[in-house]
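Some notes on the structure that comes next.
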Amino acid sequence: MKRTSILFVLLLILSRSFAQVDIDKTIMVDGLQREYSIHLPPSYDTAQKLPIIFALHGGGGNYRQVVKFYKLNPPADKKGFIIVYPNAINKAWNMPGIASRIKDLDTTVDDVHFIYELMDTVIKNYKGDPKHIFSTGISRGGMFSLYLADKLSDRIAGIAPVCASISQSITNEYTFKHPTPVLLINGTADPLVKYNGGVGEFNKGNEGNDNSIMLPTEQLVKKIVQLDNCDTNAVVTNMNDNDPGDGCTETESFYAGKVVVDFIAITNGGHTWPGGSQYLPKMFIGRVCRDFSAAEKITDFFAATFGQGWNAMSKKR
């Protein structure tokens with residue numbers, strides 16, 4: 001009986017050491033109680049510091065939905081990332097200069113300050129590495145990732161926006177304080193964040209508002225390549241068409257320099273997360289690309305920035 005009890009305790013210890021952990025938390029910022037969930041990888045117990053990914057939900061969504069939708073946890077566990085899933089007020093990130101289709105957007109909320117405080121919390125309490133903080137998300141979550149790379153440039157080590165751009169009204173002032181690795185994944189048939197710019201189909205209520213006119217994708221890539229001082233001559237490859245039935249094909253453009261800009265254009269791709277679900281009918285959001293997993297591509301890209309991949313990206317800033 002005694003031997004059985006000891007064995008049970010050992011099994012509990014081992015299961016705690018090798019299992020991922022998910023924790024729902026709240027934090028007070030600017031007098032508001034803000035919600036977030038944090039995912040700790042199996043390597044957490046033995047690690048000193050771990051890189052952090054902020055996974056930002058899209059407009060109209062919430063932090064709980066994207067855990068299953070993004071499917072980031074499994075590939076992040078393999079590479080030892082902490083993932084933070086923050087929650088916006090009224091389901092939309094507030095970004096002055098970028099309009100939202102969400103009618104009850106609270107423009108008094110300082111979401112940049114929320115993320116800043118959350119970074120400090122994860123660094124202090126959960127072994128987060130302050131030198132390796134990344135951000136990703138789809139739609140308004142991708143836009144907010146782009147926004148944070150500007151507003152929190154001193155803290156952001158890389159971003160991977162999906163189905164995203166910035167508004168033309170902030171384009172001239174948009175900048176990075178240091179070369180910032182960027183992986184951008186956009187679909188050419190996205191009806192909400194249009195590949196060629198302008199106002200998305202679900203954002204007609206903001207038509208005429210300069211803050212709702214999105215920069216064309218290829219102009220955004222050109223601007224980021226300039227900000228990162230990368231070679232403007234990209235290495236372009238056609239990605240494997242692993243699922244011909246999805247109706248999509250992909251071209252990857254790789255711009256090298258001190259850091260890397262990686263741009264994936266999904267021909268016929270919609271307002272969707274590659275490898276994710278068809279969360280709304282195609283007539284509303286377009287096609288889902290199933291030729292690759294955005295979650296795996298993004299975690300690979302972030303890992304490469306600090307020495308698990310491309311040498312050009314592993315140099316210290």
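The values are calculated or read from the model by the stated rules, or taken from the named source; none is laboratory data. These figures come from a predicted structure and were not determined experimentally. Cβ atoms come from the backbone with ideal geometry, glycine included; neighbour counts cover every protein chain shown.
Find all pairs meeting these conditions: Cβ atoms under 9 angstrom apart; at least six residues apart or on different chains; first residue within the stretch 212-235 and free of Cβ contacts under 8 Å to residues at least 60 places away in the same chain and surrounded by 16 or more Cβ atoms within 10 Å (Cβ to Cβ); second residue charged (D, E, K, R) and assigned to a helix (DSSP H, G or I).
LEU215/LYS223
Is one or more of the residues making up the stretch 60-69 under 19 Å from SER293 (Cβ atoms), crowded, with 17+ Cβ neighbours inside 10 Å, touching a residue at least 40 places away in the same chain (Cβ under 8 Å) and among the aromatic types (Phe, Trp, Tyr)?
So far as the stretch 60-69 goes, yes, one or more of its residues are under 19 Å from SER293 (Cβ atoms), crowded, with 17+ Cβ neighbours inside 10 Å, touching a residue at least 40 places away in the same chain (Cβ under 8 Å) and among the aromatic types (Phe, Trp, Tyr).
Output the residue which, of all residues in the stretch 89-126 that are at pLDDT 95 or above and of a type in the set (D, E, K, R), is nearest to the chain's Cα centre (by Cα).
My answer is ASP111.
Residue by residue through the stretch 72-110, note down the ones that are in a loop (DSSP other than H, G, I, E, B) and among the basic types (Lys, Arg). Quick ask: steps written out before the conclusion?
Filtering the stretch 72-110 for residues in a loop (DSSP other than H, G, I, E, B) gives 72, 80-81, 87-88, 92-110.
The answer is ARG101, LYS103.
Restricting to the stretch 178-208, and then to whatever is modelled with pLDDT under 95 and charged (D, E, K, R), can you tell me which residue is nearest to the chain's Cα centre (by Cα)?
Here the residue is GLU201.
Could you tell me how many of the residues in the stretch 46-71 are hydroxyl-bearing (Ser, Thr, Tyr), within 13 Å of the chain's Cα centre (by Cα) and either within 18 Å of LEU146 (Cα to Cα) or part of a helix (DSSP H, G or I) (or both)?
Looking only at that region, the number is 1.
Select from the stretch 99-121 the residues that are surrounded by 21 or more Cβ atoms within 10 Å (Cβ to Cβ) and in contact with a Phe, Trp or Tyr (Cβ under 7 Å, 6 or more places away or on another chain) and write down the one among them that is nearest to GLY58 (Cα to Cα).
Only one residue fits best here, namely ASP111.
Checking the condition over 17 Å from the mean Cα position of the chain (by Cα), modelled with pLDDT of 95 or more and of a type in the set (Gly, Ala, Ser), which residue from GLY247, GLY275, GLY307, GLY257 passes? Step through it out loud before you land on a result.
Details: GLY275 fails: over 17 Å from the mean Cα position of the chain (by Cα); GLY307 fails: modelled with pLDDT of 95 or more; GLY257 fails: modelled with pLDDT of 95 or more.
Answer to the check: GLY247.
Given the condition closer than 23 Å to ILE82 by Cα, touching a residue at least 60 places away in the same chain (Cβ under 8 Å) and β-branched (Val, Ile, Thr), answer yes or no: does some residue in the stretch 187-198 qualify? Don't jump to the end; show me each part of the working.
First, the residues of the stretch 187-198 that are closer than 23 Å to ILE82 by Cα: none.
There is no residue in the stretch 187-198 that is closer than 23 Å to ILE82 by Cα, touching a residue at least 60 places away in the same chain (Cβ under 8 Å) and β-branched (Val, Ile, Thr).
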